[in-house]
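What follows is a set of notes on a single structure, which appears directly below.
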Amino acid sequence: MNKIKKYYIIFPIITATISLIFIIMTSFNDKVVNKSYSIFKEDLNSDKISTVIMDKSPKMKIILSDGDEYSTDNPYTDTIKETLLLKGVEIKDESTPPLSKSIPSVVFAISLISILAIVVLKARNNSSITSMDMEDFSKNKKAALDFDAVAGNEEAKESLMDIVDFLINPEKYQKYGARMPKGVILYGDPGTGKTLLAKAVAGEAGVPFYALSGSDFVQVYVGVGAARVRNLFKKAKSHGKAVIFIDEIDAIGKARSNDKNGSSNGERDQTLNALLTEMSGFGQEEGIVVIAATNRLDMLDKALLRPGRFDRHIEVSLPDVNAREKIISLHLKNKPHANLDVKDIAKKTTYFSGAKLESLVNESAILAAKDNSNCITSAHIESAYSITLAGHEKKERSYLKEEDKLLTSYHEAGHGIVSLLLLPNDKVSKITIIPTTKGAGGYTLTIPEDRSYHRVDYLKNKIKVSLGGRAAEEIIFGKDKISTGAEGDISQTTDIALKMITEYGMGETLGLIKLSSVGSLYSSYGNPVIEECKMLVNTLYDETLELLRENRHLLDKIALNLLEKETLYEDDIKELTI
Ligand code: ADP
Ligand code: ZN
């Protein structure tokens, strides 16, 4: 319906334009010279006049026999008509203007009215857009998800089970005087299944699911966001029990001090206030729960987190190896697949989110379909794994010059060797010099160990692995021949070094102070911090150079093998390094 209306507005605009052009043109045509009444008299006497057009205006239009036209004052005498008629002049009385003149004005007026009507209707529609979203969701009710659709995330599911029970039976909790949360915040990395969990809560409880995203409120007209929130709650309440889901709540509920401009954002504040008002406006017996999702809990305005608002916070973390195995199995379930070593895939996919795992399985299925294969094989998974991490291989690579390939070979071998030597627990699963469509000239895949925290020596070694590419280039080709291929590595290095010094309390300048917590003072620390980062990275780079120089034979061996085979897998690398 909305679409048709958008489209409809074109018609009145076109007709309005055309009629306007018409009106302007005819009014230009009407511009005839004005002559004095005595000239008219003369013309009349010399029988030069063929037609006179009169209307109620003070002018009448004269058309001469030779086609010339002019206007002159209408004397409004009763005899004028008779005089003219006696002279054989044709008289046209246009006291009501001819249709050809009035039609454009009428069309123009109608078009303007239509445009206005459509604009008003659309504005109204926009503020009630949520109700359309909701209708869509309520229609999906039958296909609702339950907790079986969410693999892993056991703690989050358990915590949400309470909410499900409360939704099914709010009176029970009321009887005991228990205050159940009106709002729940799910926080964690993107793609970890927050939306999925919220839908599952609604599915398990058998109540409708209404969703809205905080980003919908960004850059809308003032007042529209607040109206959407009110609409959403009105609609949800009219259906009785419900789960209201607000994705990306940080877009409206970001703490004001975190605002980059420092200025307050009126629209966002209004929306936030509407949300808080609505949340305090319904009673617990109504059985409505608001679930919000965010990637960063610490960014949210404290007003949102007070009791009676979003007072239950549930972390939805990246899956560990067991959860990954379950998620992969779940997504493989309805797809034909060979006897795959799911445990092994789970091991290789450290730090993958649920969404990334889903995409890995999906990518494998696409590859299997392209191959017309009977089922998804481990080879498909292997290719999909590289695609998910590094992008598609570039098919056309004849343009690659031999000397560039040699440079890439040494660069990637540099990463690989430093990783092998310094981080033996992070497996190097693949080194390749095949460029990807994501823009990498080649890449080295390592599978990091599952860890919830890292030690300072690990972080330093991580930086060295990153610098290994550039270091190898410098050793082999000299300082003048280093390339831009290290850009990504350098940005990764900078990130880690900065975090060590400004966030993890591992530096000298700030000691155990966290830079982002010192507020406006932090600008005075900027330069010394960068200075320290530079020193740290320089030292680590020198150590990396030394390490690679000591292992030059290995560097040459791997690089030359890479140049020949283009891709080396874990086993090939093992063989070369024994
Ligand atoms: P978020 O809301 O946290 O960004 P989503 O819930 O939108 O993440 O997850 C995106 C997709 O990833 C889901 O539709 C699902 O296919 C997959 N996914 C994520 N987490 C899981 C999980 N724990 N179990 C199964 N699938 C998952
Ligand atoms: Zn690199």
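Some notes on this structure:
- Extreme residue, nearest to ligand 2 (Cβ to nearest atom), among residues of region 146-203 that are polar (S, T, N, Q) and surrounded by 14 or more Cβ atoms within 10 Å (Cβ to Cβ): T192
- 3 or more residues over 30 Å from E449 (Cα atoms) and assigned by TED's automatic domain parsing to the domain that holds S159: qualifying helices (runs of 4 or more DSSP H) within region 233-346: 250-253, 266-281, 302-305
- Test for Y210: is it touching a helix residue (DSSP H, G or I) at 6+ places or on another chain (Cβ under 8 Å), of a type in the set (S, T, Y) and assigned to a strand (DSSP E or B): yes
- Pairs, first outside the structural domain of E158 (by TED's automatic domain parsing) in region 189-210, second within 16 Å of ligand 2 (Cβ to nearest atom), C-beta under 7 Å, six or more apart: none
- So L548, is it within 16 Å of ligand 2 (Cβ to nearest atom) and under 24 Å from Y569 (Cβ atoms): yes
- Some residue of region 184-195 being touching a Gly at 6+ places or on another chain (Cβ under 6 Å) and assigned to a helix (DSSP H, G or I): no
- Condition check for L568: in contact (Cβ under 8 Å) with a residue 60 or more places away in the chain and outside any strand (DSSP E or B): no
- Lone qualifier among K438, K460, K464 - being crowded, with 22+ Cβ neighbours inside 10 Å and touching a helix residue (DSSP H, G or I) at 6+ places or on another chain (Cβ under 7 Å): K464
- When residues of region 488-506 are limited to those that are within 15 Å of ligand 2 (Cβ to nearest atom) and surrounded by 12 or more Cβ atoms within 10 Å (Cβ to Cβ), the one farthest from E531 (Cα to Cα): G488
- Test for D301: is it surrounded by fewer than 17 Cβ atoms within 10 Å (Cβ to Cβ) and more than 10 Å from ligand 1 (Cβ to nearest atom): no
- In region 363-407, the residues that are among the acidic types (D, E) and either touching a helix residue (DSSP H, G or I) at 6+ places or on another chain (Cβ under 8 Å) or more than 30 Å from L560 (Cα to Cα) (or both): E363, D371, E393
- Test: residue in region 423-431 that is surrounded by 21 or more Cβ atoms within 10 Å (Cβ to Cβ) and within 33 Å of the chain's Cα centre (by Cα): yes
- Pair list, Cβ < 6 Å and 6+ apart or interchain, from region 32-50 residues that are closer than 10 Å to I62 by Cβ to residues that are assigned to a helix (DSSP H, G or I): I49/D43
- Subset tally (residues that are small (G, A, S) and free of Cβ contacts under 8 Å to residues at least 24 places away in the same chain) for region 369-405: 5
- Counted residues, region 408-419 - those being out of contact with any helix residue (DSSP H, G or I) (no Cβ under 6 Å at 6 or more places or on another chain) and either away from ligand 2 (no atom under 11 Å from the Cβ) or more than 12 Å from L555 (Cα to Cα) (or both): 1
- Looking only at region 141-163, and only at residues there that are assigned to a helix (DSSP H, G or I) and touching a strand residue (DSSP E or B) at 6+ places or on another chain (Cβ under 9 Å), the one that is modelled with the lowest pLDDT: K141
- Test: residue in region 396-408 that is closer than 26 Å to N153 by Cβ and not assigned by TED's automatic domain parsing to the domain that holds N461: no
- If you go through region 347-374 and pick out every residue that is within 23 Å of E393 (Cα to Cα) and either within 16 Å of ligand 2 (Cβ to nearest atom) or part of a helix (DSSP H, G or I) (or both), you end up with 17.
The values are calculated or read from the model by the stated rules, or taken from the named source; none is laboratory data. These numbers were taken from a predicted model, which means no experiment stands behind them. We place every Cβ from the backbone using ideal geometry, glycine too, and count neighbours over all the protein chains shown.
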